[in-house]
């Protein structure tokens with residue numbers, strides 16, 4: 001698929017959020033089912049809504065050929081230009097056609113003043129890790145695990161030795177743009 005393909009950004013409004021959440025969860029749940037045999041929707045609806053409503057959040061449907069193929073939640077910091085790719089998905093029926101990379105390139109083009117992009121993905125998401133490192137040029141800069149807790153994840157709060165809750169196990173990526 002050619003890199004000249006045009007991806008359009010269509011803002012997600014509050015009325016569309018339930019469908020956006022459903023599509024995002026469908027896409028994210030695939031890896032959990034493959035790895036753990038579970039089909040519980042991830043991320044949680046509360047986590048997605050929290051991202052949608054966070055300061056600096058910009059949420060879009062990704063549109064190709066007048067068809068919604070995925071979505072993205074970005075946090076844009078106009079002051080520092082250290083921006084975050086909070087949630088990014090291509091709907092499963094559009095996987096394997098190069099649209100993820102084309103969409104990522106469109107995101108970079110939409111935010112040309114970005115100095116650094118950051119994102120986080122679970123340790124078991126091999127497809128995502130390959131995509132971010134080998135296709136998009138991100139670098140792994142941090143590994144969150146039981147020895148190095150992610151302070152921004154809900155399950156990381158007040159974690160003690162007696163806790164039965166598992167800490168987040170994920171990689172943090174950065175892409176330095178300038």
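The values are calculated or read from the model by the stated rules, or taken from the named source; none is laboratory data. All values reported here derive from a predicted model rather than from experimental measurement. Glycine gets a Cβ as well: all are built from the backbone with ideal geometry, and neighbour counts include every protein chain shown.
Miscellaneous remarks
- Residue in the stretch 37-47 that is within 11 Å of residue 12 (Cβ to Cβ) and surrounded by 15 or more Cβ atoms within 10 Å (Cβ to Cβ) present: no
- Scanning the stretch 109-133 for residues that are over 24 Å from residue 150 (Cα atoms), out of contact with any strand residue (DSSP E or B) (no Cβ under 7 Å at 6 or more places or on another chain) and either touching a residue at least 60 places away in the same chain (Cβ under 8 Å) or not in a loop (DSSP other than H, G, I, E, B) (or both) yields one hit, 109.
- Filter pass, residue 66 being surrounded by 14 or more Cβ atoms within 10 Å (Cβ to Cβ), within 22 Å of residue 16 (Cβ to Cβ) and out of contact with any strand residue (DSSP E or B) (no Cβ under 6 Å at 6 or more places or on another chain): no
- Residue satisfying condition, being surrounded by fewer than 19 Cβ atoms within 10 Å (Cβ to Cβ) and more than 18 Å from residue 139 (Cα to Cα), within set 118, 93: 93
The rows are residues; the columns are (1) within 15 Å of the chain's Cα centre (by Cα); (2) closer than 24 Å to residue 130 by Cβ.
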site: 45; (1), (2): yes, no
site: 49; (1), (2): yes, no
site: 68; (1), (2): no, no
site: 87; (1), (2): yes, yes
site: 93; (1), (2): no, yes
site: 110; (1), (2): no, yes
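- Residue 107 at pLDDT 95 or above, surrounded by 15 or more Cβ atoms within 10 Å (Cβ to Cβ), over 17 Å from residue 76 (Cα atoms) and out of contact with any helix residue (DSSP H, G or I) (no Cβ under 8 Å at 6 or more places or on another chain): no
Every residue, every condition in (1) surrounded by fewer than 13 Cβ atoms within 10 Å (Cβ to Cβ); (2) in contact (Cβ under 8 Å) with a residue 40 or more places away in the chain; (3) over 21 Å from residue 127 (Cα atoms), yes or no:
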| site | (1), (2), (3) |
| --- | --- |
| 35 | no, yes, no |
| 49 | no, no, yes |
| 52 | no, yes, yes |
| 76 | no, no, yes |
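- A single member of 10, 58 is at pLDDT 95 or above, loosely packed, with under 15 Cβ neighbours inside 10 Å and in contact with a strand residue (DSSP E or B) (Cβ under 7 Å, 6 or more places away or on another chain), and it is 10.
- Single residue of 162, 142, 174 found to be surrounded by fewer than 13 Cβ atoms within 10 Å (Cβ to Cβ) and either modelled with pLDDT of 90 or more or not in a helix (DSSP H, G or I) (or both): 162
- Among the conditions (1) closer than 25 Å to residue 152 by Cα; (2) surrounded by 15 or more Cβ atoms within 10 Å (Cβ to Cβ); (3) in contact with a helix residue (DSSP H, G or I) (Cβ under 9 Å, 6 or more places away or on another chain), the only one that residue 100 does not satisfy is (1).
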